[in-house]
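> What follows is a single structure, and I will ask about it in a moment.
The values are calculated or read from the model by the stated rules, or taken from the named source; none is laboratory data. Because the structure is predicted, anything quoted here is derived from the model rather than measured. Positions of Cβ are backbone-derived with ideal geometry, glycine not excepted, and every protein chain shown enters the neighbour counts. Note: areas computed on protein heavy atoms with side chains; ligands, DNA, RNA excluded. Shrake-Rupley method; radii C 1.70, N 1.55, O 1.52, S 1.80 Å.
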Amino acid sequence: MSALEEILAESLPCRTVREDKLRGRLNHCYLVLTEDDAVRSKLCRMIAKIALCPNGGCGKCDVCEKIDDGAYTALNIADKDKMSVEDVKLLIEDTFFTGFDGDLKAYVVTNMQGMNERAQNKFLKTLEEPSDGVVFVLGAQSPRSVLATIYSRCKKLNFEGFTVDQLKETLEEETPWGVARDGLDREEVIERAAACAFGSYTRAKKLASDAEFARLFALVADILLKMTDSKKLDEQLARLAPYKNDLSAVLDMTETVLGLLLSGEGGEFGAIEGLKSTFDTASVVNSLGLVASAKRKVESNCNAQSVLDALFLGILEVKYLCRR
Ligand SMILES: [Zn+2]
């Protein structure tokens, strides 16, 4: 098992389902909730294995071995980003088939947020009248990603995110040797990524392995730190010029950095540490509100550059107002 899998195996979602299984009280539908895409996909698979294995996911029996080899016919995994009504129809039809390994069948759908309302309504009927011996393991970014009628029928499994130490452990294993960046050696790259990932494995991986992502992170944090008056704001915003064709990445990153400030995580790292002394909680919360509305404007096709300019001016005002 990888370090990531070992940590996930002991997470609340896995422990909950293992307990249900061993007590003979398996639910017929579980909903795994986390925005961390890679983790959601992994957790859904692990939970299906726990449900199918007679020993709650021992990793040693025939069932587990077959699942690991991708050869267990009673495990069905749908991990498309988007699922159409037609996809759902095929999945439902499959639940009627008999003649598969074991006496329990599991269906995994990792991206419920990619299933539109019509498709979800179709799916709902199956959840309302489940066939015997069928377990559904659904994954979604947030409760808002699924219809309330589906949500209420599932046993919810929230994944709360990783600690900095857990992220370090997984990155230690997964980061190539010889990675060095921004004057940091491999250990320091890992440490920074883990501390700045805000509990998210996907973000930690990006920070450790995607030079562009790490550069933008540092740049946005530095701009937020250095913008002190409106006259010099243009000078700071000009630093974002290389990203003018991808301003939504800048918006996402601004949200990430502010979110990190709010959570109080982020360790002792330069940029974030400096920001803590210039933004108080109220100004972070207000700034996050401004980012959310800027994102909505960009989604509804407002000019991204002017939205971004207005956003940073707004954040600057908030930064001042709250300090007075
Ligand atoms: Zn097993």
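> Grab the Cα-Cα distance for C58 and L147, subtract it from 0.36 nm times how many residues apart they are, and report the gain in nm with one decimal.
Values: separation 89, 0.36 × 89 = 32.04 nm, distance 3.36 nm.
So the extension gain works out to 28.7 nm.
> Next question, about the same structure. List the residues whose amide H sits under 5 Å from the amide H of V135, counting only those 5 or more places along or on another chain, with H placed 1.01 Å from N in the peptide plane.
Under 5 Å from the amide H of V135: K105, A106, Y107.
> Right, something else. Exceeding 26 Å between C-alpha atoms, which entries from my cross-link table qualify? They are K42/K155; K42/K168; K231/K319; K66/K205; K125/K156. Spell out each step's value before the answer.
Numbers: K42/K155 18 Å; K42/K168 18 Å; K231/K319 15 Å; K66/K205 29 Å; K125/K156 19 Å.
Among K42/K155; K42/K168; K231/K319; K66/K205; K125/K156, the Cα-Cα distance tops 26 Å for K66/K205.
> Over segment 38-153, what is the relative contact order in percent, taking alpha-carbon pairs closer than 8 angstrom and at least six residues apart? List each step's numbers first, then the result.
Working: 156 pairs, mean separation 33.4, N = 116.
In percent, rounded to a whole number, it is 29.
> Of the beta bridges DSSP finds with both residues in the chain, what % are antiparallel, to the nearest 5? Kindly include the intermediate steps, with their values, before the conclusion.
Working: 1 of 20 bridges.
Restricted to the chain, the bridges split so that about 5 percent are antiparallel.
> Given an 8 Å cut-off on Cα distances and at least 6 residues of separation, report the relative contact order of segment 212-323 as a percent. If you can, show how the numbers build up before the last one.
Working: 88 pairs, mean separation 35.7, N = 112.
The normalised contact order for segment 212-323 reaches 32 percent.
> If you don't mind, there's one more thing I want to ask. I'd like the Karplus ³J(HN,Hα) series for segment 205-217: coefficients 6.51, -1.76, 1.60, θ = phi - 60°, whole numbers in Hz, and an x wherever there's a Gly or Pro.
4, 5, 5, 7, 10, 9, 4, 5, 4, 5, 5, 5, 4
> Return one number: the angle in degrees, 0 to 90 and rounded to the nearest 10, between the long axis of the Cα atoms of helix 37-52 and the longest principal axis of the Cα atoms of the chain.
20 degrees
> Follow-up question, since we're still on this one. Highest GNM mean-square fluctuation, the chain, Cα pairs closer than 10 Å: which of K231, K21, K80?
Most flexible of the set in this elastic network: K231.
> Filter the GluC sites (Glu not before Pro) in segment 119-220 down to the DSSP loop ones having no more than 16 other Cβ atoms within 10 Å, then list what survives.
Details: sites: E128, E160, E169, E172, E173, E174, E187, E188, E191, E212; in loops: E160.
Answer in residue order: E160.
> Over the chain, what is the mean sequence separation of C-alpha contacts under 8 Å (at least six apart), divided by residue count, expressed as relative contact order in percent? Working shown, then result.
Numbers: 432 pairs, mean separation 51.1, N = 324.
With pairs under 8 Å counted, the relative contact order is 16 percent.
> Contour minus end-to-end for K226 and A71, with contour as 0.36 nm per residue of separation and end-to-end as the Cα-Cα distance?
Extending this stretch completely gives an extra 50.2 nm.
> Which ³J(HN,Hα) values, rounded to whole Hz and listed in residue order, are derived for segment 20-35 from phi using the Karplus coefficients 6.51, -1.76 and 1.60 in 6.51 cos²θ - 1.76 cosθ + 1.60 with θ = phi - 60°, glycine and proline given as x?
Taking θ as phi minus 60°, the curve returns 4, 5, 5, 8, x, 10, 4, 6, 8, 8, 10, 10, 8, 10, 6, 7 Hz for segment 20-35.
> Based on a Kirkwood Rh over C-alpha pairs, give the Stokes-Einstein translational diffusion coefficient of segment 163-209 at 4 °C and viscosity 1.567 mPa s in µm²/s.
The calculation lands on 129 µm²/s.
> Angle check, please: helix 304-323 long axis (alpha carbons) against the longest principal axis of the chain (alpha carbons), in degrees 0 to 90, nearest 10.
Its long axis makes an angle of about 70 degrees.
> From the phi of every residue in segment 275-288, what ³J(HN,Hα) in whole Hz does the Karplus formula 6.51 cos²θ - 1.76 cosθ + 1.60 yield, where θ is phi - 60° and glycine or proline is x?
For segment 275-288, the Karplus curve yields 5, 4, 7, 9, 10, 8, 4, 4, 6, 5, 4, 5, 5, 4 Hz.
> Once the convex hull of the alpha carbons of the chain is built, what does its volume come to per residue, in cubic angstrom?
Taking only Cα atoms, the chain has a hull volume of 150 Å³ per residue.
> Further, regarding this structure: Rank by packing, highest mean first: peptides 69-79, 247-257, with packing defined as the count of other Cβ atoms within 10 Å averaged across residues. Numbers along the way, then the final one.
Details: 69-79: 15.7, 247-257: 19.7.
Sorting 69-79, 247-257 by mean packing, highest first, produces 247-257, 69-79.
> Leaving out same-chain residues fewer than 8 places away, which aspartates and glutamates sit with a Cα under 16 Å from that of K226?
The reachable aspartates and glutamates, counting only those whose Cα sits under 16 Å from K226, are D234, E235, E273, D280, D309, E317.
> Looking at segment 1-106, I'd like the Rg to Rh ratio, where Rg is from alpha-carbon atoms and Rh is Kirkwood's inverse mean 1/r. Intermediate values should be presented prior to the final figure.
On the way: Rg = 13.9 Å, Rh = 14.7 Å.
Computed over Cα atoms, the ratio is 0.95.
> Using only the Cα atoms of segment 212-323, build the gyration tensor, take square roots of its eigenvalues as a ≥ b ≥ c, and label the shape rounded, prolate or oblate: rounded if a/c is under 1.5, else prolate if a/b is larger than b/c, else oblate. Before the final figure, lay out each step's value.
On the way: a/c = 1.41, a/b = 1.28, b/c = 1.10.
Taking the square roots of the gyration eigenvalues as a ≥ b ≥ c, segment 212-323 is rounded.
> With r defined as the distance between the Cβ atoms of D165 and L124 and R0 fixed at 41 Å, what FRET efficiency is calculated, to the nearest 0.05?
Working: r = 40 Å, r/R0 = 0.99.
My answer for the efficiency is 0.50.
> Another one. How many percent of all Cα-Cα pairs in segment 135-278 sit more than 28 Å apart?
Numbers: 3151 of 10296 pairs.
Value for segment 135-278 (Cα pairs over 28 Å): 31 percent.
> Given a 1.4 Å probe and every protein chain left where it sits, what share in percent of the accessible area of segment 155-286 is carbon and sulfur?
Details: 3280 of 6370 Å².
So the carbon and sulfur contribution to the accessible surface is 51 percent.
> Once amide H atoms are built 1.01 Å from N in the peptide plane, which residues 5 or more positions from G57, or in another chain, come under 5 Å H to H?
Long-range HN contacts for G57: none found.
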